[in-house]
1. Given the convex hull over the Cα atoms of the range 120-197, what projected area results after averaging over all orientations, in nm²?
2. Under a crude label model (7 Å from the Cα following the beta-carbon direction), how far is Met167 from Ala121 in nanometres?
3. Would you mind putting 108-119, 93-104 in packing order, based on average other-beta-carbon counts within 10 Å, highest first?
4. Measure up Lys48/Lys124; Lys73/Lys116; Lys48/Lys132; Lys64/Lys124; Lys73/Lys124; Lys73/Lys180 against 19 Å on the Cα-Cα distance and list the ones that go over.
5. Post the alpha-carbon centroid distance, the range 73-120 to the range 121-184, in whole angstrom.
6. What percentage of the solvent-accessible surface of the range 65-197, computed with a 1.4 Å probe over protein heavy atoms, is contributed by carbon and sulfur atoms?
7. Heavy-atom accessible area per residue, the range 54-197, 1.4 Å probe: how many Å²?
8. What list of ³J(HN,Hα) couplings, whole Hz, do you get for the range 169-179 from phi and the Karplus terms 6.51, -1.76, 1.60, once you set θ to phi - 60° and write x for glycine and proline?
Amino acid sequence: MKFQAMASAGVLFLVSTAAFAQDSKAPQGASNSKAEQASQGPYSTYNKIFYARMKTILVSSAEKMPEENYNFKPTDSVRSYGQIVGHVADAQYNFCSMALGETNPGLKIEETKTTKADLVAALKGALAYCDKAYDGMTDASGTQTVKMFGMDMPKFGVLNINNAHDMEHYGNMVTYMRLKNIVPPTSEAPPAAQPKK
């Protein structure tokens, strides 16, 4: 059942890709030229835009929570905030190594890192590893299949499941932040517009 939900999420991401990619602006620092998008294709362009947004949100969330709340659990049966950060970092290596056709380094960040500084650094390192998978993906290479959950899955599916997994756990992080009276990154007021000179 869990696999079907994840696969459905991946399909929904793929279906919505073309329309979203046509109207979206690339993240700051990324090229958004028509020639570059045409060479990569709308699916890979969408994947990169969505992933770039998630990276910013995840790092901001990890940095925003104070060190003293990294051990916070709303109940004993769930992960602590720090464990969620570690779990998300581990997942980046898991999914992106599949998309890259590499062996997962299996760093076990959730099990071995406990301080905020170590977990934030590990998350940033995991996201830098994933950059290779997203940056190198084209519409053509994204249709190549790899083994996941015991079945053949297109690399796009793997990266979309990574994005969905990130969103799932960002939802956990939002709840933890709200319980500590911290405004999550996606709920912050945008910076005030600078007056024109």
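The values are calculated or read from the model by the stated rules, or taken from the named source; none is laboratory data. Keep in mind the model is a prediction, meaning the values are calculated, not measured. Quick reminder, even Gly has a Cβ in these numbers, built from the backbone with ideal geometry, and neighbours come from all protein chains shown. Calculation scope for accessible area: heavy atoms of the full protein, side chains included, ligands and nucleic acids excluded. Shrake-Rupley method; radii C 1.70, N 1.55, O 1.52, S 1.80 Å.
1. Working: hull surface 36.0 nm².
Value for the range 120-197: 9.0 nm².
2. For Met167 paired with Ala121, the spin-label model returns 3.3 nm.
3. Going by the mean number of other Cβ atoms within 10 Å, highest first, we get 93-104, 108-119.
4. Correct reply: Lys73/Lys124.
5. Their Cα centres are 12 Å away from one another.
6. 53 percent
7. Numbers: 7300 Å² over 144 residues.
On a per-residue basis, the range 54-197 sits at 51 Å².
8. 7, 5, x, 4, 4, 4, 4, 4, 4, 4, 5
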